[in-house]
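S.K.: Pasting a structure here, questions to come.
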Amino acid sequence: PMGVDSNLFKRPQRKTDQLNIYPQALRVLFVGRITEKKGVQYLIEAATHLKMKNIDFQITIVGDGELRKELQEYVEKSGIGNFVKFLGAKPNHELPYIYAKHDLFVGPSIRTSTGDTEGLGLTFVEAGMSGCVLIGTDVGGISDVIRDGKTGYLIPEKNSAAIAERITHVSQNRIAMQKLEEKCRKECVEKFDWQVISRQYSRLLMTIVNQRPS
């Protein structure tokens, strides 16, 4: 896979400090194209469940795409405008700061009607390195990053109730989430840091070169 620079995406100390206090709402993040494959609509639908449960949360949507206008209209009509914010597309150099400001990353990707699905999903790696709890659907290559219950949570696709249930669990067990965050970051760095990936590419290329006839 491609790698991620763990020196840019890192777990801020402030999150450790807040684990004992957490006076703010749970800050939930999505980063990616606002398109069918990414399943953003199911995260937004989950906001209605969370509102009914009186969970203190804030969902931030970073990205743009053909479904953005439709989903913004849905947010306003559903009365969850105070809980869901669309920031639009952001340049890459701003992403480390954005990840670091959030507690939880949700990637609700789906298999589309044409069979298209998520690849590895480097946003999960970036979020994991940044100290976010990860929630993702069990499609495509997402399970290469998330080990269910070990480095995050895997849920069925197209299931807004399951997303809301997991967000609620994180909200109610914030101190316990510290170990999961630490395990996730450790594994992401060990498997996906650019230094690791570059060595793997180097070994692969040298193997190919050495197998060529002299």
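The values are calculated or read from the model by the stated rules, or taken from the named source; none is laboratory data. It should be emphasised that the depicted structure is a prediction, and the values quoted were computed from it without experimental measurement. Using ideal geometry, Cβ is built from the backbone for each residue, glycine included, and neighbour counts are taken over all protein chains shown. Surface areas here come from the heavy atoms of the whole protein model, side chains and all, with no ligands, DNA or RNA. Shrake-Rupley method; radii C 1.70, N 1.55, O 1.52, S 1.80 Å.
S.K.: Quick one: what pairs do we get from the range 189-202, first residue aliphatic (A, V, I, L, M), second surrounded by 11 or more Cβ atoms within 10 Å (Cβ to Cβ) and part of a helix (DSSP H, G or I), C-beta under 7 Å, 6+ apart or different chains?
M.R.: Val189/Met129
S.K.: Separate question: Enumerate the helices (runs of 4 or more DSSP H) found wholly within the range 13-129, keeping only those where 2 or more residues are open to solvent by 30 Å² or more (accessible area, probe 1.4 Å) and out of contact with any Phe, Trp or Tyr (no Cβ under 6 Å at 6 or more places or on another chain).
M.R.: Answer list for the range 13-129: 13-18, 40-52, 68-77, 122-129.
S.K.: Another question, then. Take the range 130-165 and flag every residue that is in a strand (DSSP E or B) and on the phi < 0 side of the Ramachandran plot.
M.R.: The answer is Val133, Leu134, Ile135, Gly136, Thr137, Asp148, Tyr153, Leu154, Ile155.
S.K.: Could we say that Ile175 is part of a helix (DSSP H, G or I) and either open to solvent by less than 50 Å² (accessible area, probe 1.4 Å) or in contact (Cβ under 8 Å) with a residue 40 or more places away in the chain (or both) here?
M.R.: no
S.K.: Next up: For the range 23-36, which positions are farther than 24 Å from Asp144 by Cα and either touching a helix residue (DSSP H, G or I) at 6+ places or on another chain (Cβ under 9 Å) or at pLDDT 75 or above (or both)?
M.R.: Gln24, Ala25, Leu26, Arg27
S.K.: Between Lys85, Lys77, which is among the basic types (Lys, Arg) and within 29 Å of Arg174 (Cα to Cα)?
M.R.: None of the other options fit; the residue is Lys85.
S.K.: Turning to a different aspect of this structure: Using beta carbons and a limit of 6 Å, which pairs, at least six apart or on different chains, have the first residue in the range 133-149 and open to solvent by 10 Å² or more (accessible area, probe 1.4 Å) and the second one part of a strand (DSSP E or B) and not β-branched (Val, Ile, Thr)?
M.R.: Going by the 6 Å Cβ cut-off, the qualifying pairs are Asp138/Leu154; Asp148/Leu154.
S.K.: Could you please give the count of residues in the range 35-81 that are under 19 Å from Ala25 (Cβ atoms), among the hydroxyl-bearing types (Ser, Thr, Tyr) and within 17 Å of the chain's Cα centre (by Cα)?
M.R.: Selection size over the range 35-81: 1.
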